[in-house]
Amino acid sequence: MRRPGYGACANGILFGPGAGGEFEHCDLTGGNFPALYVGRAATPRFTGCRVLDHGQDVALAEDAAPVFEDCVTPGPGPATSAEWSN
């Protein structure tokens, strides 16, 4: 998924409470909000995804349980970056 880099984009992908799904080999680019927002008790799986040019890589709500496999984000990010690389 590529989003234009206008600097005003919201989340690249937003999972609401309890949501799930799978994303493979996605590039999330451009935005001032977290590229991925995972809501309470949401359980999405991300494989081979990259975050580029976003204000923050991942934001997790309480009890969010995403799975990240072979995903990367360049440069330092928030505390959730360690989980992003699992």
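Bear in mind that the values in this text are calculations on the coordinates, not laboratory data. These numbers come from a predicted model, not from an experiment. Neighbour counts are summed over all protein chains in view; Cβ atoms, including those assigned to glycine, are modelled from backbone coordinates with ideal geometry.
Computed values, structure above
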read-out	value
L14-D70 FRET efficiency (beta carbon distance; Förster radius 30 Å; 0.05 resolution)	0.85
D70 long-range amide H proximity, modeled H, under 5 Å	G48
For segment 13-84, the spread of Cα positions along each principal axis, largest first, Å	28, 21, 20
Qualifying chymotrypsin sites (Phe, Trp or Tyr not before Pro) for segment 13-74 [loop in DSSP, other Cβ within 10 Å: at most 10]	none
